[in-house]
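Below is one structure, written out as structure tokens; the observations come after it.
The values are calculated or read from the model by the stated rules, or taken from the named source; none is laboratory data. Because the structure is predicted, anything quoted here is derived from the model rather than measured. We place every Cβ from the backbone using ideal geometry, glycine too, and count neighbours over all the protein chains shown. For the accessible areas, the whole protein counts, side chains as well, though only heavy atoms, and no ligand, DNA or RNA atoms are used. Shrake-Rupley method; radii C 1.70, N 1.55, O 1.52, S 1.80 Å.
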Amino acid sequence: MAGPRVDDIYDQVKAMAVSFHLRPGDRLNEVALSKELGVSRTPLREALNRLVAEHLFDFRPGLGFFCRPLDPQSVFDLFELRQIIESAAARIACTKASDKDLQTLRDELYTTGIDIAGLTVEEAVSRDEDFHLGIARLSGNEELVQTLTRINERIRYIRWVSMSLDRVQRSKDEHKRVMQALMDRDADEAARVLGAHISKRMDQVQDAVRHGISSIYMEGSEDISARIIEEAQG
């Protein structure tokens, strides 16, 4: 019985960390959190140790657990790593994916991933992640998929911020170009377009981090994730 209980706590605390419901850099109050979740501290600590291993929390001996900082360099490094991994996934997918699997991904993109006007930022980012993970799965490399999943969790909040600031039309057009390159099995073009689509300059990351921190401390992270995506501009 202990395993599923710890897994449930892990999922709840991870969701709080990914969304920065727990403020970046703050020391975690284990007593208060255990009361909030209605759990004892032993399974909570086990869940927290798992999240430390995933770099969603820090542990400092003698001081306890700390929420991960929202640091521009770390965020930039994660976007850079994501770009490398996804570009490689696109190249592999062009070689290994079946025609049927490529068509299925294309159908899913046009059914659920293109028209995101009227969705919340959280919903739109979730759809975007699904498309990118779909490409990664077509590589047939499960380690690559799991690594990308963990990266997505660590940058999800900044992606919410970026989605609320970016022009959606550009993202939609790039998704179409990536999908077409995959259908054409043009590995160079797929990797090029996908890499450019993911790439972030340091000044863009710094701007997103500033907006993100402002939202966390002034309004709460829910303010950004609940914003509605407006009709895309041409």
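Solvent-accessible surface of the chain, averaged per residue with a 1.4 angstrom probe and all protein chains in place: 51 square angstrom. Here the Karplus relation 6.51 cos²θ - 1.76 cosθ + 1.60, evaluated at θ = phi - 60°, turns the backbone of segment 90-98 into coupling constants of 5, 4, 5, 4, 4, 8, 9, 5, 7 Hz, with x for every Gly and Pro. A straight Cα-to-Cα reach below 20 Å connects LYS14 with the lysines LYS35, residues fewer than 8 places away in its own chain not being considered.
For the chain, a simple Cβ point-charge model (Lys and Arg +1, Asp and Glu -1, everything else neutral) yields a dipole of about 520 debye relative to the Cα centre.
Heavy-atom accessible surface of TYR110, to the nearest 10 Å², is about 100 Å², with a 1.4 Å probe and all protein chains retained. For the chain, with all protein chains in place and a probe radius of 1.4 Å, 48% of the accessible heavy-atom surface sits on carbon or sulfur.
When HIS197, HIS21 are compared by accessible area at a 1.4 angstrom probe, the order from most to least is HIS21, HIS197. Run the Debye formula on the Cα coordinates of the chain, all scatterers equal and no solvent, and tell me log10 I(q)/I(0) at q = 0.07, 0.12 1/Å. Rounded to two decimals, the profile gives -0.25, -0.72. Taking θ as phi - 60° and the Karplus parameters 6.51, -1.76 and 1.60, the scalar couplings of segment 125-136 work out to 5, 4, 5, 4, 4, 4, 5, 5, 5, x, 5, 4 Hz in sequence order, x denoting glycine and proline. For the chain, adding -39500 (n - 2.57) for each run of n ≥ 4 DSSP H residues and dividing by the number of residues yields -23000 deg cm²/dmol at 222 nm. Each residue of segment 79-85 was assigned a 3J(HN,Hα) from its phi angle through the Karplus expression (A = 6.51, B = -1.76, C = 1.60, θ = phi - 60°), giving 5, 5, 5, 4, 4, 5, 5 Hz with x at Gly and Pro.
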